[in-house]
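This report refers to the structure that appears directly beneath it.
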Amino acid sequence: MTSDYDLVVVGGGPAGSTAATAVALRGHRVLLLERETFPRYQIGESLLPATVQGLCRILGVADEVARAGFTLKRGGTLRWGRDPEPWQFSFSMTPRLPEPTATAFQVERSRFDEILLRNAERVGVEVREGSPVRRVVTGDGRVRGVEYTDPDGTTRTAHARFVIDASGNTSRIHGQVGGARVYSDFFRNLAVFGYYAGGRRLPEPNSGNIFCAAFDAGWLWYIPLRDDLTSVGAVIAPEHYAAVQQDPRAAWQDMIKACPEVDRLLTDVPVATEPPYDRVRVRKDYSYWKKSLWTPGMALVGDAACFVDPVLSSGVHLATYGALLAARAVNSALDGSVPEERGFAEFEARYRREYGVFYEFLIAFYDMERNERSYFWSAKKVTRVDVDEAAAFAELAGGVASGDEAVAPTGPLGAHWSAAAAELEGAVDRLATGEDRVNPLLSTRVVSDTFRTGNDLQEQALYGGPLDDSAPAAPDALKVTADGLSWVAR
């Protein structure tokens, strides 16, 4: 049984719904295949403004998300670095994006993801849940569709001009593009996480902030989802895996007790018993990328493509931004305005750059923490970045460094990272004192690079394009249409 589409999207999470919606909005025929039935549980509840104020506006779902009653997030509060007291930052870092456009939400992903998926249906996407994809269909040197199983067990084939794999870190088909994943040794960590039925909140106006606190074994996140629900997770070294595997709940609570700043917020608060929040879950070795993100007829987005350490809440942003980039390439190829190869080259260059700036920020951010007695933190220094990983990053980031000496952690790339870490640390010190009239984080290259694309995405949604000419991904980079959905040649 076969059918034909312009695009088949595999996976109905934020990346899949974004790609499908952005192509359907241009009038193309889109099929989305999701192996589960929504609503379903997913981790990754803390969003960035680029997703809420930029991407959701482009997709036409911002008002519905705003009405959903999610916890408002103005920034982050951290116990991190030399200062023993927590410090905080606000997303209101530019006068062009003041509140409320410089805010985000803490979301229950089961609800947020379903809002995006149902929006995709409303704009014309054919959504089939309970339909796992078995394999891709190829022919004449390109991907031409997928084979899947529908809910009644029937095997079906969907042919399409393009396929986008947005099926997450457990994707069964990502190997069709770019070979095996490249895992980061520097960020090779383990996360164990669960939920409490409530918890104390930070003082207003920052009660909705994510709170991240470093401690000897790693760091903890504390995300206020509802008055009666808090997500708490520990990111620790993989050496703890045996203890976590033996008793995940006990290991999770031991980590919380080892971090006084978080433990105090949970004193006398019971763990959640409401499904699906009653379980303690584990994820390991989750920072990775691919050597290539597309092949003729197929692209990877979201966790099928890459993921990086979650301390900056970048997961949904990277997933949805990459999906929007892929949708632009599909739309431009389908309408004939930009050839497939050119459009997907732009997709890959921009996606790699965005992953690269978050990766670089996180190296600098980890380097800030001063806990020399800790095995975890002594391994999280710029000087401990493996030479092979530095070389892989240089290749990933496209021109950040070149040559054997340049990619060594003790060479120019290492000096580049060390300077970024020192600049960031200095800005955080000034932020904590409150002496600067403007946010000192704005003055650092690593912060401005990290949030540039997000600001551009918000300005695209609000004003039809960035207010400044930001640095393009390449000298001959394509421009973006006013609706944010396609490429056009300069």
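The values are calculated or read from the model by the stated rules, or taken from the named source; none is laboratory data. Just so it is clear, the structure is predicted and the values come from calculations on it, not from any experiment. Here the Cβ is made from the backbone with ideal geometry for all residues, glycine too, and neighbour counts use every protein chain on show. Side chains are part of the model used for accessible areas, which takes the heavy atoms of the whole protein and leaves out ligands, DNA and RNA. Shrake-Rupley method; radii C 1.70, N 1.55, O 1.52, S 1.80 Å.
Please work out if residue 318 is buried (at least 22 other Cβ atoms within 10 Å of the Cβ) and in contact with a Cys (Cβ under 8 Å, 6 or more places away or on another chain). Don't jump to the end; show me each part of the working.
Details: buried (at least 22 other Cβ atoms within 10 Å of the Cβ): yes; in contact with a Cys (Cβ under 8 Å, 6 or more places away or on another chain): yes.
Yes; evaluated as a whole, the condition is true for this residue.
Given the conditions (1) in contact with an Asp or Glu (Cβ under 6 Å, 6 or more places away or on another chain); (2) closer than 25 Å to residue 460 by Cβ; (3) open to solvent by 40 Å² or more (accessible area, probe 1.4 Å), and given that residue 257 satisfies all but one, which numbered condition is not satisfied?
Answer for residue 257: the failing condition is (2).
Do we find that residue 311 is under 18 Å from the mean Cα position of the chain (by Cα), β-branched (Val, Ile, Thr) and at pLDDT below 95 in this structure? Steps first, answer last, please.
Values: under 18 Å from the mean Cα position of the chain (by Cα): yes; β-branched (Val, Ile, Thr): yes; at pLDDT below 95: yes.
Yes.
I need the full set of residues from the stretch 192-213 which are among the small types (Gly, Ala, Ser), closer than 24 Å to residue 251 by Cα and either in a strand (DSSP E or B) or open to solvent by less than 30 Å² (accessible area, probe 1.4 Å) (or both), in order please.
Quick first cut of the stretch 192-213, residues among the small types (Gly, Ala, Ser) only: 194, 197-199, 207-208, 213.
Filter once more, so that each one left must be closer than 24 Å to residue 251 by Cα: 194, 197-199, 213.
Of everything in the stretch 192-213, those that are among the small types (Gly, Ala, Ser), closer than 24 Å to residue 251 by Cα and either in a strand (DSSP E or B) or open to solvent by less than 30 Å² (accessible area, probe 1.4 Å) (or both) turn out to be 194, 198, 199, 213.
How many of the residues in the stretch 329-356 are over 29 Å from residue 209 (Cβ atoms), in contact (Cβ under 8 Å) with a residue 60 or more places away in the chain, open to solvent by less than 10 Å² (accessible area, probe 1.4 Å) and assigned to a helix (DSSP H, G or I)?
Residues flagged as over 29 Å from residue 209 (Cβ atoms), in contact (Cβ under 8 Å) with a residue 60 or more places away in the chain, open to solvent by less than 10 Å² (accessible area, probe 1.4 Å) and assigned to a helix (DSSP H, G or I) within the stretch 329-356 amount to 6.
Counting only residues that are among the aliphatic types (A, V, I, L, M), buried (at least 18 other Cβ atoms within 10 Å of the Cβ) and under 21 Å from residue 384 (Cα atoms), which one in the stretch 409-433 is modelled with the lowest pLDDT?
413
Name the residue that is nearest to residue 220 (Cα to Cα), counting only residues in the stretch 260-277 that are in a loop (DSSP other than H, G, I, E, B) and open to solvent by 60 Å² or more (accessible area, probe 1.4 Å). Reasoning before the result, please.
Within the stretch 260-277, the subset in a loop (DSSP other than H, G, I, E, B) is 266-270, 272-277.
Right, trim to open to solvent by 60 Å² or more (accessible area, probe 1.4 Å) and you get 267-268, 270, 273-275.
Numbers: 267: 16, 268: 19, 270: 18, 273: 21, 274: 22, 275: 22 Å.
Filtering first and then ranking leaves 267.
Between residues in the stretch 116-132 that are over 13 Å from residue 31 (Cα atoms) and in contact (Cβ under 8 Å) with a residue 24 or more places away in the chain and residues that are open to solvent by 50 Å² or more (accessible area, probe 1.4 Å) and assigned to a helix (DSSP H, G or I), which pairs lie under 8 Å by C-beta distance while being six or more apart or on different chains?
From residues that are over 13 Å from residue 31 (Cα atoms) and in contact (Cβ under 8 Å) with a residue 24 or more places away in the chain, the pairs are 119/64.
Residue by residue through the stretch 376-391, note down the ones that are of a type in the set (Val, Ile, Thr) and either under 16 Å from residue 212 (Cα atoms) or open to solvent by 10 Å² or more (accessible area, probe 1.4 Å) (or both).
Initially, the stretch 376-391 is screened for residues of a type in the set (Val, Ile, Thr), giving 382-383, 385, 387.
Answer for the stretch 376-391, where residues must be of a type in the set (Val, Ile, Thr) and either under 16 Å from residue 212 (Cα atoms) or open to solvent by 10 Å² or more (accessible area, probe 1.4 Å) (or both): 383, 387.
If only one of 433, 450 is in contact (Cβ under 8 Å) with a residue 12 or more places away in the chain and of a type in the set (Val, Ile, Thr), which one is it?
Details: 433 fails: in contact (Cβ under 8 Å) with a residue 12 or more places away in the chain.
Of 433, 450, the one residue that is in contact (Cβ under 8 Å) with a residue 12 or more places away in the chain and of a type in the set (Val, Ile, Thr) is 450.
Among the residues in the stretch 291-312, are any out of contact with any Phe, Trp or Tyr (no Cβ under 9 Å at 6 or more places or on another chain), of a type outside the set (Gly, Ala, Ser), in a loop (DSSP other than H, G, I, E, B) and closer than 21 Å to residue 176 by Cα?
yes
Report every pair of residues separated by at least 6 positions or lying on different chains whose Cβ atoms are under 7 Å apart, first residue within the stretch 379-396 and farther than 21 Å from residue 354 by Cβ and touching a residue at least 40 places away in the same chain (Cβ under 8 Å), second open to solvent by 10 Å² or more (accessible area, probe 1.4 Å) and not aromatic (Phe, Trp, Tyr).
380/367; 386/185
Considering 63, 83, which residue is within 28 Å of residue 26 (Cα to Cα), open to solvent by 30 Å² or more (accessible area, probe 1.4 Å) and acidic (Asp, Glu)?
Details: 83 fails: within 28 Å of residue 26 (Cα to Cα).
None of the others qualify; the one that does is 63.
Residue-wise test of (1) under 18 Å from the mean Cα position of the chain (by Cα); (2) in a helix (DSSP H, G or I).
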residue: 38; (1), (2): no, no
residue: 52; (1), (2): yes, yes
residue: 105; (1), (2): yes, no
residue: 110; (1), (2): yes, yes
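Do you know which residues across the stretch 217-252 are in a loop (DSSP other than H, G, I, E, B), in contact with a Lys or Arg (Cβ under 9 Å, 6 or more places away or on another chain) and modelled with pLDDT of 95 or more? First the steps, then the outcome.
In the first step, residues of the stretch 217-252 are kept if they are in a loop (DSSP other than H, G, I, E, B); the result is 217, 227-228, 237, 247.
Going one step further and asking which of them are in contact with a Lys or Arg (Cβ under 9 Å, 6 or more places away or on another chain), we end up with 227, 237.
The answer is 227, and nothing else.
Condition first: touching a helix residue (DSSP H, G or I) at 6+ places or on another chain (Cβ under 6 Å) and without any contact (Cβ under 8 Å) to a residue 60 or more places away in the chain. Now tell me which residues in the stretch 197-232 satisfy that.
Answer for the stretch 197-232, where residues must be touching a helix residue (DSSP H, G or I) at 6+ places or on another chain (Cβ under 6 Å) and without any contact (Cβ under 8 Å) to a residue 60 or more places away in the chain: 220, 222.
For the stretch 318-349, enumerate the residues that are of a type in the set (Gly, Ala, Ser) and farther than 15 Å from residue 479 by Cβ.
Initial filter on the stretch 318-349 (of a type in the set (Gly, Ala, Ser)): 319, 322-323, 326-327, 329, 332-333, 336-337, 343, 345, 349.
Within the stretch 318-349, 319, 322, 323, 326, 327, 333, 336 qualify.
Out of the residues in the stretch 1-47 meeting the condition of being hydroxyl-bearing (Ser, Thr, Tyr) and under 30 Å from residue 231 (Cβ atoms), tell me which one is surrounded by the fewest Cβ atoms within 10 Å (Cβ to Cβ). Before the answer, list the steps.
Filtering the stretch 1-47 for residues hydroxyl-bearing (Ser, Thr, Tyr) gives 2-3, 5, 17-18, 21, 37, 41, 46.
Narrowing the set further to residues that are under 30 Å from residue 231 (Cβ atoms) leaves 17-18, 21, 37, 41, 46.
Numbers: 17: 30, 18: 34, 21: 30, 37: 11, 41: 14, 46: 26.
Among those residues, the one meeting the criterion is 37.
Considering only the stretch 169-187, how many residues are assigned to a loop (DSSP other than H, G, I, E, B), within 19 Å of residue 302 (Cα to Cα) and open to solvent by 20 Å² or more (accessible area, probe 1.4 Å)? First the steps, then the outcome.
First, the residues of the stretch 169-187 that are assigned to a loop (DSSP other than H, G, I, E, B): 169-173, 177-180, 184-187.
After this cut, where a residue has to be within 19 Å of residue 302 (Cα to Cα) as well, the list is 169-173, 177-180, 184, 187.
Within this subset, residues satisfying the condition of being open to solvent by 20 Å² or more (accessible area, probe 1.4 Å) are 169-170, 172, 178-180.
Selection size over the stretch 169-187: 6.
Criterion first (surrounded by fewer than 24 Cβ atoms within 10 Å (Cβ to Cβ) and assigned to a helix (DSSP H, G or I)) does residue 373 satisfy it?
Values: surrounded by fewer than 24 Cβ atoms within 10 Å (Cβ to Cβ): yes; assigned to a helix (DSSP H, G or I): no.
No: the conditions fail for residue 373.
Name the single residue, out of those in the stretch 448-480 being buried (at least 18 other Cβ atoms within 10 Å of the Cβ) and assigned to a loop (DSSP other than H, G, I, E, B), that is modelled with the highest pLDDT.
The extreme case among them is 478.
Which ones in the stretch 132-158 are surrounded by 14 or more Cβ atoms within 10 Å (Cβ to Cβ) and acidic (Asp, Glu)?
147, 150
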